[in-house]
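What follows is a short report on a single structure.
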Amino acid sequence: GFLQVASPVPQGPNKWHEQFPIAKGQRQSPIDIVTSNAKVDKALSDNPLKVSYSNNCCQSVTNTGASFQVVVDGAGTEISGGPLDSTYKLVQFHAHWGPLGGDEGSEHTVDGVTYPAELHLVHWNQKYKDVGEAVDKPDGLAVIGVFFSRGKEHAGFKPISDLFAKVPRKADKVDISFNYDPACLLPARRDYWTYLGSLTTPPLFESVTWIVMKDPVEVSAEQLAALRNLLWETPSGEGQMCNNYRPPQPLQGRLVRST
Ligand SMILES: Cc1ccc(O)c(S)c1
Ligand SMILES: [Zn+2]
């Protein structure tokens, strides 16, 4: 029969360093957050993190082949304060998750504890002309991480999780026709840990000021299962997208601050 030339299946995290040497860098993410080593920094509370999103900023949901991604028009969606020396604008949000029904899937862990999924709200520094210029600068990005725990349905996440079945394949895209305020995905209590790290997927740029919310938000088992309506390439062909999380990386002496 004809030689089957399979499309190159993305290699797992332990191979990324071959093509992206920065994978073994000095400020890689995610990390295990050892809460007893985190240092409370009152400067973080003296200048509180300000999150102001608008409720008509979300344009579409797409399947990137590695996660879902809600594409956001940054106009009117700004964060500032806390660990940030500048204003950053939201550009997209996505998530990382584990196997069906499992408790692993988050990227950051807290004293070794994993959550079933982790949401990433990606923002870029307004001192740069666009996200393309910001994405590889040391102060280019700020990502708010929110842990998802399994529990009651998250009414605010439902309009998004209901769309996953409409974007099963890579590059599939569906417009978001309703008003949606991503702030509904944040926990009520705004305490967080913050440290300097990187993107958790290639190209793994060391450009992220991480803001990891301490409190998880609850989503239902069905909403976690809806993440698997997204498909991706596996070594044995097309399959449910899952385990798209990178395990914790060496801290390399970095300080984790806490509110
Ligand atoms: C900009 C960006 C893209 C993908 C990611 O997983 C993260 S963490 C950040
Ligand atoms: Zn991410």
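Before moving on, here are some points about what is shown:
- Between segment 66-115 and segment 152-203, the alpha-carbon center distance in angstrom: 7
- Accessible area in square angstrom per residue, segment 166-259, 1.4 angstrom probe: 45
- Flagged links, alpha-carbon separation over 26 Å, of Lys24/Lys50; Lys50/Lys129; Lys24/Lys173: Lys24/Lys50; Lys24/Lys173
- The value of relative contact order for segment 1-127, using C-alpha pairs under 8 Å at least six residues apart, is 21 percent.
- Counted over all Cα-Cα pairs of segment 1-127, pairs farther apart than 18 Å make up 71 percent.
- Per-selection Kirkwood Rh - segment 200-259 (Cα, Å, 1 d.p.): 15.2
- Listed by chain and number, the aspartates and glutamates whose alpha-carbon sits under 19 Å from that of Lys127, ignoring those within fewer than 8 places in the same chain, are Asp73, Glu78, Asp85, Asp136, Asp139, Glu206.
- Here the 3J(HN,Hα) profile of segment 121-128, calculated from phi with Karplus coefficients 6.51, -1.76 and 1.60 at θ = phi - 60°, is 9, 9, 10, 10, 6, 5, 6, 9 Hz, Gly and Pro shown as x.
- Projected over every direction and averaged, the convex hull enclosing the alpha-carbon atoms of segment 79-124 yields 4.0 nm².
- Backbone amide hydrogens, once placed in the peptide plane, bring Lys214 within less than 5 Å of Asp191, Tyr192, Trp193, excluding anything fewer than 5 places away on its chain.
- Amide H contacts under 5 Å for Val91, placed H, 5+ residues apart: Val122, His123, Trp124
- Normalised contact order of segment 91-181, rounded percent, pairs of Cα under 8 Å and 6 or more residues apart: 20
- Classified by the C-alpha gyration tensor, the chain has a rounded form. Its axis ratio a/c, with a ≥ b ≥ c, is below 1.5.
- Taking amide hydrogens as placed 1.01 Å from N in the peptide plane, the amide H of Met241 sits under 5 Å from those of Leu230, Leu231, Trp232, each at least 5 positions away in sequence or on another chain.
- Largest first, the extents of the alpha carbon coordinates of segment 79-156 on the three principal axes equal 42, 29, 23 Å.
- In the chain, helices alone account for a calculated mean residue ellipticity at 222 nm of -1500 deg cm²/dmol, with every DSSP H run of four or more residues adding -39,500 (n - 2.57).
- Gln252 versus Ala225: modelled label distance in nm, points set 7 Å from Cα along the beta carbon direction: 4.2
- For the chain, relative contact order (Cα pairs under 8 Å, six or more residues apart, normalised by length) works out to 27 percent.
- With the convex hull constructed from alpha-carbon coordinates only, segment 131-259 shows a mean projected area of 9.8 nm² over all directions.
The values are calculated or read from the model by the stated rules, or taken from the named source; none is laboratory data. What you see is a predicted model, and the numbers here were worked out from it, not measured in a lab. Every residue, glycine as well, gets a Cβ built from its backbone with ideal geometry; the counts of neighbours run over all protein chains shown. Just the protein is used for accessible areas: all its heavy atoms, side chains included, with ligands, DNA and RNA removed. Shrake-Rupley method; radii C 1.70, N 1.55, O 1.52, S 1.80 Å.
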